[in-house]
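Participant: Dropping a structure here in structure tokens format, bear with me for questions.
The values are calculated or read from the model by the stated rules, or taken from the named source; none is laboratory data. Predicted model only: the values in this text are computed from it and were never measured. Here the Cβ positions follow ideal geometry from the backbone for every residue, glycine too, while neighbour counts run over all protein chains shown. Protein only, heavy atoms only, side chains kept; ligands, DNA and RNA dropped before computing areas. Shrake-Rupley method; radii C 1.70, N 1.55, O 1.52, S 1.80 Å.
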Amino acid sequence: MLRLLKKYHWGRARAVPLNTLAKELATSTRKVRKIKNYLVIEEGQPIGSTADGYFYAESREELSHFVAEYMARSRASYRMIKAYQDMLKPKGQLMLDL
């Protein structure tokens, strides 16, 4: 995947759709996502993903875009977690077993 992205899909303008990349690699889209996460987290490779697809980032600006995007996702996930936690809190008067 890394060789393919570095050779043909560098920069956001040359992004390859997830489904197409999965077909080219003869694997599932889920596996492609796992590989992308591994390459970024464990190998430090600047693999980007947008609605347009996956690509090898070619600039600091593209990397900055990913940071902002993941920060926004993180905030949204935190708000969802908080909402679910609030739903678990007792409502009204609390009854104690004595």
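Participant: At 222 nm, what value in deg cm²/dmol follows for the chain if DSSP H runs of at least 4 each add -39500 (n - 2.57) and the sum is divided by all its residues, to the nearest 500?
Facilitator: Details: 4 runs with 56 residues, N = 98.
About -18500 deg cm²/dmol.
Participant: Kindly express, to the nearest 10 degrees and within the range 0 to 90, the angle between helix 60-88's C-alpha long axis and the longest C-alpha principal axis of the chain.
Facilitator: The angle comes out near 20 degrees.
Participant: Match the structure shown to one of the listed values [x] 1.16; [y] 1.57; [z] 1.33 of Cα Rg over 2.2 N^0.38 Å, computed from it, and give that label.
Facilitator: Label of the calculated value: [y].
Participant: So what J values fall out for the stretch 36-44 if you push phi through Karplus, 6.51 cos²θ - 1.76 cosθ + 1.60 with θ = phi - 60°, rounded to Hz, Gly and Pro as x?
Facilitator: After applying 6.51 cos²θ - 1.76 cosθ + 1.60, I find 4, 4, 4, 4, 6, 6, 8, 9, x Hz.
Participant: So, one more: Quick one: compute the contact order of the chain, relative version, from alpha carbon pairs under 8 angstrom and 6+ residues apart, as a percent.
Facilitator: Numbers: 74 pairs, mean separation 28.2, N = 98.
Dividing the mean separation by the residue count of the chain yields 29 percent.
Participant: At 1.4 Å probe size, with every protein chain present, just tell me what the per residue accessible area of the chain comes to in Å². Please list the in-between numbers first.
Facilitator: Details: 7680 Å² over 98 residues.
On a per-residue basis, the chain sits at 78 Å².
Participant: Right, here's the next one. Report, to the nearest whole %, how much of the accessible area of the stretch 1-60 belongs to carbon and sulfur atoms, 1.4 Å probe, protein only. List each step's numbers first, then the result.
Facilitator: Details: 1890 of 3920 Å².
Solvent-exposed carbon and sulfur of the stretch 1-60 make up 48 percent of the total.
Participant: Let's see if you can work this out: charge +1 on each Lys and Arg Cβ, -1 on each Asp and Glu Cβ, no other charges. What is the dipole magnitude of the stretch 29-98 about its Cα centre, in debye to the nearest 20? Present the calculation step by step, with values, prior to reporting the outcome.
Facilitator: Numbers: 12 positive and 9 negative charges, 78 e Å.
Roughly 380 debye, rounded to the nearest 20.
Participant: Identify, among Val32, Leu88, Tyr70, the residue whose Cα sits farthest towards the positive end of the charge dipole of the chain, taking +1 on the Cβ of Lys and Arg and -1 on the Cβ of Asp and Glu, with the dipole about the Cα centre.
Facilitator: Of the options given, the answer is Val32.
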